Amino acid sequence: MDTKPFTSGLSENAVMITRVADRQWHALDDDLVVGRGYAKHRPDGRLFVSIDAWHDAAFDRLAEAMLAALPAPLYTVVDEADVELTAGWQRAGFTIRRREWEYAVPTDPRVTGLGEVLPLPGITIVPAGQADEGLLRAVDRAIRDEVEATIGWQSMPAEVIPRREGDTIVDPSKYAVAAAPDRYLGLIRVVTVNRPRIGLIAVRADEQRRGIGRALLAHALATLHNSGFAEAWTEVHESNRPATALFEGIGARPMSSNLELVR
């Protein structure tokens, strides 16, 4: 356990920055926890940090201690509406790297206009939980390689699901796929915890602009609608114009935006 005293002005007593565990810090003011800091690797290997502090002074001292102990580059994600938190990270030397919009997506086909959308002849939609795991992993890897070779996977929505090293499919039961007779052409992942979230929708590069993504989305939203969910949620990078057009074209509403910052 590492401690570092400093005078913050929060009280007459010295405030301590304490490293309480691996990549976890507390700010203590007279034995009262006035801030917490964490660091965690995301599945893509990047190291993300977060701080929850009562006062700017506690935030700044936590940031100072964490930045001194952790290797660069470091990343964090904040709600763009949280001006104070964004300013805190900018004081610590972080700069805005990307903006991601969160959308509320209606599921009712009468609202989305997807009720009559069907896959092309020769293509079938395999529901979640029924996909062949080998073919699923093959299409996932092919799409990831295509994205990495062009815009880079880090431009895709941040994925925070823990996974074994090199394993990009955590739970095959969450994926529906578009299937040709010999291979899978695209996939969609929907995870329902507190609310349904469309975490990924992607199609092989040589199969795009054929309506496959739209058919996958129609299937996933209809399944959610039949299960009693009125809305789903998804995140879209602001530069991803095809995804923005796809979701806004079915009545999805931007609800908030997140900023990813880097130091």
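For this structure, a couple of remarks:
- Each residue of segment 28-151 gets 217 Å³ once the volume of the Cα convex hull is shared out per residue.
- Positive minus negative residues near PRO119 (Lys, Arg vs Asp, Glu; Cβ under 13 Å): 0
- Each of the peptides 67-78, 184-195 was scored by the mean count of other Cβ atoms within 10 Å over its residues; in descending order, highest first, they stand as 184-195, 67-78.
- Computed over protein heavy atoms with a 1.4 Å probe, the carbon and sulfur contribution to the accessible area of segment 198-263 reaches 48%.
- Distance in nm between pseudo-label sites at VAL147 and VAL262 (7 Å out along the Cβ direction from Cα): 1.6 nm
- With Cα atoms, 0 to 90° folded angle of helix 133-149 axis to the chain main axis: 60 degrees
- Shape summary: segment 86-132 maps onto an equivalent ellipsoid whose semi-axes, from the alpha-carbon gyration tensor, are 41, 17, 10 Å in decreasing order.
- Largest to smallest accessible area among GLU235, GLU146, GLU248, GLU116 [probe 1.4 Å]: GLU116, GLU248, GLU146, GLU235
- Placing +1 on each Lys and Arg Cβ and -1 on each Asp and Glu Cβ, with no other charges, gives the chain a dipole about its Cα centre of roughly 680 debye.
- Diffusion constant of segment 46-109 at 37 °C, which comes from Stokes-Einstein with the Kirkwood Cα-pair radius and 0.692 mPa s, µm²/s: 245 µm²/s
- Of interest is the spacing of the C-alpha centroids, which for segment 43-84 and segment 178-253 amounts to 32 Å.
- Cα-based helix-to-principal-axis angle, 212-226 vs the chain, degrees rounded to 10: 80 degrees
- Projected label distance in nm at ARG42 and ALA245, using a 7 Å step from Cα toward the beta-carbon: 2.6 nm
- Amide N proximity, segment 54-97 versus ASN194 label position 7 Å along Cα-to-Cβ, cut-off under 18 Å: 77-82
The values are calculated or read from the model by the stated rules, or taken from the named source; none is laboratory data. Source: prediction; values computed, not measured. We place every Cβ from the backbone using ideal geometry, glycine too, and count neighbours over all the protein chains shown. Only protein heavy atoms, including side chains, enter the accessible area calculation; ligands, DNA and RNA are left aside. Shrake-Rupley method; radii C 1.70, N 1.55, O 1.52, S 1.80 Å.
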